[in-house]
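Every number in this text was worked out from the coordinates using simple rules, so none of it is lab data. Note that this is a predicted model, so its numbers are computed, not measured. Methodologically, a virtual Cβ is constructed for each residue, glycine included, from the backbone with ideal geometry; neighbour enumeration extends over all protein chains shown.
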């Protein structure tokens, strides 16, 4: 998967998004749906490679909260770039659930939303394949000042002013 | 009023560059129409019927003279010499060129203005009582809180891609002049039994296809929790609001489907878990309040004797004072409206020359400031009574002194089919028809306060649901028809009006209004207000008169409009 990684570098990595009925590879990182995780929990846990979980805007986080420690990566799915539910999911995962693994945006991920994502605690970005990832990196340089705090630890402006 | 420091300036400057680059990518074909649309919308740029429309933010209606002059400059250089004030206290330009919008934004940024979040599915421009800070009935000035919320909600990373637009309205006064209960979040500054000032929080108001008056979710919220409570509401909405149907996506639909009580429980539960992480400290509130201190009033303003003399000597001036000015909390000062409702002019429209004149008057008579109101007028908030006569003369010279504030012809009207690509019917032509029919101001004065609000489609930008008289334009096989509603209100007693019957043909609207007013005059008890009369006698007598003589066949034919 070609992504923008935590260090804001464009790289290839070996995480694979699996279909619910796709074969389970022996090694390498795989990302599965909540349904597959719930159905094949034991087989997935017994496996050598790293495990990731795909979360949608309507995934109830409290149901997967006890398992979060098992996942090196959570893939937040943006079905359309204007669908903002996963911005809240990301903040809850970082804040309320204390998730410290990798949060990856997948789906309709485009230059003009990834800076918002980063501020909500998402730290890698699988851009839509037709988009230029190098070009998208510009998004992180567009704003140098933030009005409000978020998951990125930005100090709200009213506290910077004092 | 608030003034940008270098942080604010950096943000708007960087936004101009960002939008310039988005426009460049669109024109270069790197962004499709579908991709560019949400990006341009959250910067106030629509593609309209004939041309783009740019909506510029006027945060809670406050303007400085240099900003008004910039509006004039933009109208001249980039538009057709005029602008249009909207019901969100913003100004709209109807004829800019897409490729010139980044330049317009750069001009705006040079006077601390922008078009950020004036459209799109995000937190929109926050509106407030246009008499904030000068009304005698105020618990506390809402503007510092509006500015705190403006900054907090600007580019909020979690809430920039909501299911639908999100509007916040605030009032600090006993009388609601800000249509608070018609907002997604409505806030009243109130005093509790311990004498502390905080917020009464309402959620789920909104017009459009499914009009709803907001419901109270919290009777009293301490100020320090303002942002955390709004955050909790927005988070619940962002996660649970519908995204499958644009007409069911506003927060009002979520509130309705969950039920107010269940919605409240969810918000409170979320808020209890997050509130300690987002406390608004007293020093931050005090710092913001320092921007909204009263100007240096002349404490002996009331000693002036000239106002009384001019009123006695000049009946036209006396009429303007009575109709277009309001009392001020400081003796010797008055609030003076600038009527943008002259007959023959589309309500809310203002020319570049008028904008320049308003800026000059603001400098001369109003400490350099002017405000826009949600009913599409401007006002000078702090006029020394000794200056009122000179101000009136200048306003008159620029056709801004029509003494009709609060009367039938001080109507709210959306741009309608003349400009808007969403509209089903023209509204400006109906405004003209009404103005022509009701040109006799003495008759209008006798009728007392009547709020007429008109929209050219169900989206209700002209607030027809909340009009004492509401008019809605509809389209039937390419022909324009108009529905009339009575008994709506945007005030403390907010309510949706009741439709009186089948839609009327375009040429019949003013005549129908005349019949409605006849019934009112016949049925009125003493000085009773129109709205009170409608509520007392119901819509039947009005309906009977409007449709008397209309053949039943015709009524049936129109019935499905």
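Just the number, please: Stokes-Einstein D of the stretch B:463-550 in µm²/s, Kirkwood Rh from C-alpha pairs, 10 °C, 1.306 mPa s.
120 µm²/s
Express in whole angstrom the spacing between the alpha-carbon centres of the stretch B:313-336 and the stretch B:30-55.
First find each Cα centre; the distance between them is then 43 Å.
Listing B:50, B:445 from the residue with the fewest other Cβ atoms within 10 Å to the one with the most, what is the order? If you can, show how the numbers build up before the last one.
Working: B:50 11, B:445 15.
So the residues, fewest neighbours to most, are B:50, B:445.
GNM on chain A, C-alpha springs below 10 Å: top fluctuator among A:127, A:51, A:137?
Comparing A:127, A:51, A:137 in a Gaussian network model of chain A, the most mobile one is A:137.
D for the stretch B:399-454, whole µm²/s, Stokes-Einstein with Kirkwood Rh over alpha-carbon pairs at 37 °C and 0.692 mPa s: what number?
Rounded, D is 271 µm²/s.
Across 20 Å bins from the origin, how do the percents of Cα pairs in the protein assembly as shown run, short distances first?
17, 48, 29, 7, 0
Got a sec? How would B:516, A:3 order by Cβ neighbour count within 10 Å, fewest to most?
On the way: B:516 23, A:3 20.
Going from sparsest to densest Cβ surroundings: A:3, B:516.
Quick check on chain B: helices-only [θ] at 222 nm, where DSSP H runs of length 4 and up contribute -39,500 (n - 2.57) each and the sum goes over total residues. Nearest 500, please.
-11000 deg cm²/dmol
Give the calculated FRET efficiency between residue A:100 and residue B:499 to the nearest 0.05, with a Förster radius of 45 Å applied to their Cβ-Cβ distance.
0.20
For peptide B:11-23, what's the mean number of Cβ atoms from other chains within 10 Å of each residue's Cβ? Please report the intermediate quantities before stating the final value.
Values: counts 6, 0, 2, 5, 2, 0, 2, 6, 0, 0, 5, 3, 0.
Across B:11-23, the average partner-chain Cβ count within 10 Å equals 2.
Quick one: pull the percentage of alpha-carbon pairs in the stretch B:307-421 with a separation above 18 Å.
Roughly 48 percent, once rounded to a whole number.
When ranked by the protection proxy of mean other Cβ atoms within 10 Å per residue, highest first, what sequence do the peptides A:101-107, B:279-285 form?
Packing proxy ranking, top to bottom: A:101-107, B:279-285.
For the pair residue B:286 and residue A:132, what calculated FRET efficiency results from E = 1/(1 + (r/R0)^6), where r is the Cβ-Cβ distance and R0 = 60 Å, to the nearest 0.05?
Between residue A:132 and residue B:286 the formula returns 0.80.
Evaluate peptide A:139-147: per residue, the Cβ atoms of other protein chains within 10 Å of its Cβ; return the mean as an integer.
The per-residue average across the peptide is 5.
Count, for each residue of A:110-122, the Cβ atoms from other chains sitting within 10 Å of its Cβ, then give me the mean as a whole number.
Rounded to a whole number, the mean comes out at 4.
Quick check: the distance between the Cα centres of the stretch B:69-120 and the stretch B:1-22, to the nearest angstrom?
15 Å
Using per-residue counts of other Cβ atoms within 10 Å, averaged over each peptide, order A:79-90, B:486-497, B:406-417 from highest down.
B:406-417, A:79-90, B:486-497
Hey, what does the equivalent ellipsoid look like for the stretch A:23-92, semi-axes from the Cα gyration tensor as sqrt of 5 times each eigenvalue, largest first, whole Å?
23, 13, 10
Determine, for B:175, B:402, A:63, the number of other Cβ atoms within 10 Å of each Cβ, and report the residues in order from fewest to most. Can you show the working numbers first?
On the way: B:175 13, B:402 25, A:63 10.
Listed from fewest to most nearby Cβ atoms, that is A:63, B:175, B:402.
How large is the Kirkwood hydrodynamic radius of chain B, in angstrom, based on all distinct alpha carbon pairs?
Working: mean 1/r = 0.0411 Å⁻¹.
Over chain B, the inverse of the mean reciprocal pair distance is 24.3 Å.
What does the stretch B:174-271 give for Rg and for Dmax, in Å, if only its C-alpha atoms count?
Over the stretch B:174-271's Cα set, Rg and Dmax evaluate to 13.5, 45 Å.
Compute the distance from the alpha-carbon center of the stretch A:74-123 to that of the stretch A:1-71, in whole Å.
After rounding, the separation between the Cα centres reads 15 Å.
Of the listed peptides B:426-436, A:4-14, what is their order by residue-averaged count of other C-beta atoms within 10 Å, with the highest listed first? Numbers along the way, then the final one.
Details: B:426-436: 21.3, A:4-14: 13.5.
With the highest mean Cβ count within 10 Å placed first, the list reads B:426-436, A:4-14.
Along each of the three principal axes of the Cα atoms of the stretch B:111-160, give the extent in whole Å, ordering the values from largest to smallest.
38, 25, 16
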